[in-house]
Every structure is written in structure tokens, then in C-alpha cells.
1. Mind ordering 38-45, 172-179 by average Cβ neighbours within 10 Å, highest first?
2. Quick one: Karplus J couplings for the stretch 42-52, per residue in order, coefficients 6.51, -1.76, 1.60, θ = phi - 60°, nearest Hz, x for Gly and Pro?
3. Based on the mean of other Cβ atoms within 10 Å per residue, sort peptides 156-169, 111-124 so the most packed one is first.
4. Within 10 Å, count the other beta carbons around each residue, average over each peptide in 17-23, 193-199, and list them highest first.
Amino acid sequence: MTALSEIRHHPKPLTLAAYAAGNLDEARAVVIATHVSLCAACRLAARDYESIGAACLEAVDPVAMNASALDSFWARAGKQERAMAPASAIAANDFALDAAHPLASYLKDGLDAIEWRPVAPGLAQVVIPAEGYRPGVLRLLKVSPGVQIPRHTHGDEELTLILRGSYTDEVGDFARGDLADLDGEVLHAPLAVGDEPCICLIATSAPLRFRTIFGRLVQPFIGL
Ligand SMILES: [Zn+2]
């Protein structure tokens, strides 16, 4: 992926700050890291948040440790037979900010090798394992041009990054690199537009709340 110049939709400042502070679950961190890899403005902002966080840490007065703390640390450390292997669920933001392809380790063969699971006419998805240390769901959704997702809100925040194609909804027009940072207040029905399927990377932490009968009927099948 190369940097894009015309990104119009970015994460909310609070979301970006949480990302820089390492407070996002893995699913959301992957989405934000991927957007940041495409968006120079957010890359700068994330670095600023990191600097602020580092400055805050330096300003904190050190607290004296218990005199036996070091002994008890070594007593516990000494019981380990070997160094622990790196955990697969490393703290979410270990995706380096300067990595150009945060998604690469999740999609080793790229977007074109994905085995999509059809969930409705014109709609396919694949769930990407990214449970991390806090629950969240990371998925890719492919929506054919002209297909509209039934109107819904979200049980919690939802991050959607457009990787290919474009869609339009009540919030605006979204194209590659744009990120929709939505909370439970937003009611929308995204419609894929253009000539190619819209492929989105989506992180959710709670099921969608469909407002239409059709949406509720298909929800158990599409797993959104
Ligand atoms: Zn941005």
C-alpha cells in the first residue's frame, strides 16, 4: 500500500490517542494501524500523542519500591526454566507505527487470495483471528456495487477502513484509505458504489443493531 493523499475521513482524536497509548483491542488497533500507514496526517498525530504520553510518564514522581521487591522478582524469575516464547497476543499496539503493511501478517497472500464466505447476495465476509488480550472482532467485508447493508446502529464503537472501492452513507462518501469511526449513536445504511466491490476492514466489539426486519433476520447468518 502506498500513502494516499485524498483521505477525507479519519479516526476521532480520542480513538487515535487510545491507539497511541496502546489502549485499543487488537482488532481496532489493526484497523487504525492500517489507516495510519496510509495517512500522513494521522501518522503525525499519533506520534504527537506518543510524545505526550512519554512526557507524562517522565513527569510522574517515582515511587519507592519495597526493599524486597527485587529479591522477590528474581525469586519468581528464577523459577522459569526457559525464556517465554513471544505471545501471539502481544499488546495491541506492537504493530509498529512505521510498518507499511500492518495487515500483512494477517493477510499473507493479499486481498486477491482471500477465500470469501458468501453471506447474502452481493455480500461476503471473512473473519480474521485477532482476539488479542481483549475481545474484539476483525473482519473483512466485500460488498458488490449497488448492494446496501440494512440500516443499523452499533452496540459499541465500530471502525471501518476502506481498502478497495467505495461506499456512501448518511455520514458521507468513503473511498480507499478513509476510516469511519462510528459509535452507537450513528444510524446508517452503507451503499457500495462504483465499478468494483467495496472491501472494508472492520473492527467491532459488539454485534450490530439492525433497525429493519430483514437486517434482524439475516443477522444470525451473516454473523455481523
Ligand atoms: Zn487519517
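Bear in mind these aren't lab numbers, they're just calculated from the coordinates by the rules spelled out. As the structure is a prediction and not an experimental result, all values here were calculated from the model. Using ideal geometry, Cβ is built from the backbone for each residue, glycine included, and neighbour counts are taken over all protein chains shown.
1. 172-179, 38-45
2. Result, ordered by residue: 6, 4, 5, 4, 5, 5, 4, 4, 5, 5, 4 Hz.
3. Per-residue Cβ counts within 10 Å, averaged per peptide and sorted highest first, yield 156-169, 111-124.
4. So the peptides 17-23, 193-199, ranked by packing, come out 17-23, 193-199.
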